[in-house]
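J.: Quick one: structure below, then a few questions.
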Amino acid sequence: MKITDLNSEPDIGSNCLFLEIGPFKILVDSGVHPKKAGKAALPKLSHIADFSLDFVILTHCHLDHLGSLPLALRNQPQARVICSQASSMLVKRILRNSVTVMMRQRDETHNKELPLYTYNELDSIEAKLFPLPLQAPKTYRAKNDAITVTLYPAGHVAGAVGVLLEYKDKKHFITGDVLFHDQQTIKGAAFPRIPVDTLIMETTRGATPHHVDLTRESETERLLQCVRDTINNKGSILIAAFAFGRMQEILMMLHAAWKEKTLPACPIFCSGLGVDLAEHFDMIGRKTGTVRYRNYVMKDLRAQPLRGKFVDPGIDLQERGIYLLSSGMLVENTPAWRISANLIGHPNNTIAFVGYCDAATPGGRLLEAKPGDEFPYPHLDYTATIAAKIERFHMSGHADREELLNYVADVGPKTVYLTHGDPPARDWFAEVIPARVPGVKVVNPTPGVTVEV
Ligand SMILES: [Zn+2]
Ligand SMILES: [Zn+2]
C-alpha cells in the first residue's frame, strides 16, 4: 500500500489521506483546517487531480474530516462516499452550516475565496453517500480485483468509525478519531483486536500524560457543582461546547442531574446548530440504535434556542441561567464568543470549557489569562477586564495515549503510520511505540510525501 498524507501540515488540521492499494485509489476523509480560512484551509487535493478515486471513506462528520468533501468530489464524479449510516444522516446538515459560516466570513473578511462551495452542491453529495452497516464486511469488485471494507464503531462522536481494509492477504486498519470510553450519547469504540499489517492511528493526546485521578465521572460532577455554585451565586454560566457531539453530551448530563433533582431551576439556552443536531441525534438513535440521545432531553430541561439575546458587550445578561453555546473554542463571532462578552466582566458569572481549545483561539487565550487581565473583543470594539470565573473541564473525545499504545500492542502491526496530532504528540508515539512493541516500524509522515508500507 502507498500512503500520502494530504493534510497541509503535520498537525490536527485538514485530515485527508490518499491510499493506493493494488489497483484501488481511496481517499480517507477530506477536512478543512480549523484555524485557517479559504483555500489555505484545504488539504493538498491537487495531488489526486490525475487519479480516479474508487471511493472516499468518511470516518466522521467533524469539519477537520468532512469540511472539504465537496471539493474532493468535484472532479471525481465516479467516486462514492462510504460512511456509517449515522454519518450519512449528518453530512448535509453540517456542510450546510459550513456554507453559512463561510458566507458570513466572506462578508466580514472580504476573502473572495469564500464560500469554498455552495448550498447547491450539497444535494449531489447526498446522492453519493453509500452508508454501510457496522461490523459487516463489504467487498468491492472492480478492475478484476477485490477489496473488503469493514467499519467499526470508534466512539468519539455519533457516527464515527474506524476502517478495516483487506486486500489479498493484507489487513490495514485506520482508527480515525477514537475514544474507547462510553459517553452519555454513544458507546466507546469497539475495534477489532486482530493482527494487522498497517495501523494508521490518530495521536491527538500523545503529549498529554494520563491522569489517574481525573475521570470523566469526576469531571462531570465538578462541572455540575460549578453550575450549581454559579446559579446559587446569582450568576450565569456559559458552557462553550462544539455544536456536534459535545453539546448533546452536556444536555444528557444536565438531564441526568435534572432527573435526580440536583440541577438548580434556571433557564437553559442553546445555540441553533446544536439544537438542530440534537434532533438529528434523536432520529439517528431511532433508526440505527447507535445514539442514546432523545428529544425529551431538551423538552424536560425546557432548553430553548438562543434568540435575540445579544445586548451590548459588557452589560450582564438579565436572564440568569445556563448558556450552552458553540463554539467550544470561543471562536470570534460565534454565539459563545458573543455571550462571553456579556458575562466576562462580572464576578458572579462563569465561563466553562469542556473540550479541546487551541491556544491560538480566543478560548485558548482566555484559559491562559488571569483575573483582572484585559481581554479584547476587536470586532465589538470592546475590551473586557476579566472578572468571571474561567474553568476548564477535562472531557476529551479522544483516547489517551496509554490506551492507544495498548491498542498498538494488541494488533501488533508491522507499520504504524501517525496522523491527527501536533508534532510533540507524534514525537511521543514515535519514540515510545518501538520500545513497547519491538520490531514495529513507525512512520511520522511529511505532508504530501508518499510512503510505501
Ligand atoms: Zn473528530
Ligand atoms: Zn479530528
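J.: List the residue pairs whose Cβ atoms are under 6 Å apart, where the first residue sits in region 377-396 and is touching a residue at least 40 places away in the same chain (Cβ under 8 Å) and under 17 Å from GLY328 (Cα atoms), the second is hydrophobic (A, V, I, L, M, F, W, C) and part of a loop (DSSP other than H, G, I, E, B), and the two are 6 or more positions apart or on different chains.
T.: PHE393/VAL354; HIS394/LEU214; MET395/VAL354
J.: Looking at LEU405, is it more than 16 Å from ligand 1 (Cβ to nearest atom) and in contact with a Lys or Arg (Cβ under 7 Å, 6 or more places away or on another chain)? I'd like the intermediate steps shown before the answer.
T.: Values: more than 16 Å from ligand 1 (Cβ to nearest atom): yes; in contact with a Lys or Arg (Cβ under 7 Å, 6 or more places away or on another chain): yes.
Answer is yes for this residue.
J.: Scan the strands (runs of 3 or more DSSP E) fully inside region 198-278 and keep the ones with 2 or more residues being within 16 Å of ligand 2 (Cβ to nearest atom) and farther than 26 Å from ASN348 by Cα.
T.: Details: elements: 198-202, 237-240, 268-270.
Filter on region 198-278 gives 198-202.
J.: Restricting to region 126-159, name every residue that is surrounded by fewer than 18 Cβ atoms within 10 Å (Cβ to Cβ), in contact (Cβ under 8 Å) with a residue 12 or more places away in the chain and among the β-branched types (Val, Ile, Thr).
T.: Within region 126-159, THR148 is the sole residue that qualifies.
J.: Also, quick follow-up: Within 16 Å of ligand 1 (Cβ to nearest atom) and touching a strand residue (DSSP E or B) at 6+ places or on another chain (Cβ under 9 Å): does that describe GLU202?
T.: Numbers: within 16 Å of ligand 1 (Cβ to nearest atom): yes; touching a strand residue (DSSP E or B) at 6+ places or on another chain (Cβ under 9 Å): yes.
Here the answer is yes, as GLU202 does meet what is asked.
J.: Moving on. So MET283 ticks every box in (1) touching a residue at least 40 places away in the same chain (Cβ under 8 Å); (2) crowded, with 19+ Cβ neighbours inside 10 Å; (3) assigned to a helix (DSSP H, G or I) but one. Which box is left unticked?
T.: In the conditions (1) touching a residue at least 40 places away in the same chain (Cβ under 8 Å); (2) crowded, with 19+ Cβ neighbours inside 10 Å; (3) assigned to a helix (DSSP H, G or I), MET283 misses (2) alone.
J.: Can you tell me which residues in region 342-369 are closer than 14 Å to ILE390 by Cβ and hydrophobic (A, V, I, L, M, F, W, C)?
T.: LEU343, ILE344, ILE351, ALA352, PHE353, VAL354, CYS357, LEU366, LEU367, ALA369
J.: Given the residues GLY162, GLY188, which is the only one that is buried (at least 19 other Cβ atoms within 10 Å of the Cβ), modelled with pLDDT of 95 or more and small (Gly, Ala, Ser)?
T.: On the way: GLY188 fails: buried (at least 19 other Cβ atoms within 10 Å of the Cβ).
Within the list GLY162, GLY188, the selection yields GLY162.
J.: Counting only residues that are among the charged types (D, E, K, R) and part of a loop (DSSP other than H, G, I, E, B), which one in region 1-16 is surrounded by the most Cβ atoms within 10 Å (Cβ to Cβ)? Full working, then the answer.
T.: Going residue by residue through region 1-16, those that are among the charged types (D, E, K, R) are 2, 5, 9, 11.
With part of a loop (DSSP other than H, G, I, E, B) added as a condition, the list becomes 9, 11.
Numbers: GLU9: 14, ASP11: 21.
Only one residue fits best here, namely ASP11.
J.: Another question about this same structure. Restricting to region 1-16, and then to whatever is of a type in the set (A, V, I, L, M, F, W, C) and within 16 Å of ligand 1 (Cβ to nearest atom), can you tell me which residue is farthest from THR415 (Cα to Cα)? First the steps, then the outcome.
T.: Of the residues in region 1-16, the ones of a type in the set (A, V, I, L, M, F, W, C) are 1, 3, 6, 12, 16.
Right, trim to within 16 Å of ligand 1 (Cβ to nearest atom) and you get 12, 16.
On the way: ILE12: 21, CYS16: 19 Å.
Filtering first and then ranking leaves ILE12.
J.: Now for a separate question. Tell me yes or no: at least one residue of region 39-56 is within 20 Å of ALA158 (Cα to Cα) and modelled with pLDDT of 95 or more.
T.: Narrowing region 39-56 to residues within 20 Å of ALA158 (Cα to Cα): 56.
The next check asks that each one be modelled with pLDDT of 95 or more; those that pass are 56.
There is at least one residue in region 39-56 that is within 20 Å of ALA158 (Cα to Cα) and modelled with pLDDT of 95 or more.
J.: If you don't mind, another one. For region 42-57, which positions are free of Cβ contacts under 8 Å to residues at least 40 places away in the same chain and either within 13 Å of ligand 1 (Cβ to nearest atom) or surrounded by 18 or more Cβ atoms within 10 Å (Cβ to Cβ) (or both)? Full working, then the answer.
T.: Pass one, region 42-57, residues free of Cβ contacts under 8 Å to residues at least 40 places away in the same chain: 43, 45-46, 49-53, 56.
Result: PRO43, LEU45, LEU53, VAL56.
J.: Output the residue which, of all residues in region 171-192 that are under 16 Å from THR415 (Cα atoms) and either more than 17 Å from the chain's Cα centre (by Cα) or in a strand (DSSP E or B) (or both), is nearest to ligand 2 (Cβ to nearest atom).
T.: It comes out as ILE174.
J.: Within the bounds of region 49-68, is there any residue that is closer than 24 Å to GLU332 by Cβ and away from ligand 2 (no atom under 15 Å from the Cβ)? Steps first, please.
T.: Let us first name the residues in region 49-68 that are closer than 24 Å to GLU332 by Cβ, namely 61-68.
Next cut, away from ligand 2 (no atom under 15 Å from the Cβ) only: none.
So far as region 49-68 goes, no, none of its residues is closer than 24 Å to GLU332 by Cβ and away from ligand 2 (no atom under 15 Å from the Cβ).
J.: So, of the residues in region 17-35 that are within 16 Å of ligand 1 (Cβ to nearest atom) and outside any strand (DSSP E or B), which turns out to be surrounded by the fewest Cβ atoms within 10 Å (Cβ to Cβ)?
T.: First pass over region 17-35, keeping only residues within 16 Å of ligand 1 (Cβ to nearest atom): 17, 28-35.
Narrowing the set further to residues that are outside any strand (DSSP E or B) leaves 29-35.
Working: ASP29: 29, SER30: 26, GLY31: 27, VAL32: 27, HIS33: 22, PRO34: 21, LYS35: 15.
Restricting to residues being within 16 Å of ligand 1 (Cβ to nearest atom) and outside any strand (DSSP E or B), the top hit is LYS35.
J.: Of all residues in region 132-170, which are farther than 21 Å from LEU17 by Cα, in a strand (DSSP E or B) and within 16 Å of ligand 1 (Cβ to nearest atom)?
T.: Those that are farther than 21 Å from LEU17 by Cα, in a strand (DSSP E or B) and within 16 Å of ligand 1 (Cβ to nearest atom): none in region 132-170.
J.: May I pose another question? Name the helices (runs of 4 or more DSSP H) wholly within region 36-131 that hold at least 1 residues that are among the hydroxyl-bearing types (Ser, Thr, Tyr) and in contact with a helix residue (DSSP H, G or I) (Cβ under 9 Å, 6 or more places away or on another chain)? Can you show your working first?
T.: Details: elements: 63-66, 69-74, 85-88, 91-109, 119-128.
Passing ranges, in order: 85-88, 91-109, 119-128.
J.: Give the residue that is surrounded by the fewest Cβ atoms within 10 Å (Cβ to Cβ), with candidates limited to residues of region 226-274 that are among the basic types (Lys, Arg) and more than 23 Å from the chain's Cα centre (by Cα).
T.: Taking region 226-274 as the starting set, the residues that turn out to be among the basic types (Lys, Arg) are 228, 234, 246, 259, 261.
Imposing the further condition that a residue be more than 23 Å from the chain's Cα centre (by Cα) reduces the set to 228, 234, 259, 261.
Numbers: ARG228: 16, LYS234: 9, LYS259: 10, LYS261: 7.
Per the stated criteria, the residue is LYS261.
The values are calculated or read from the model by the stated rules, or taken from the named source; none is laboratory data. None of the values given here were measured: they were computed from a predicted structure. Ideal geometry is used to build each Cβ from the backbone, glycine not excepted, and the neighbour counts take in all protein chains shown.
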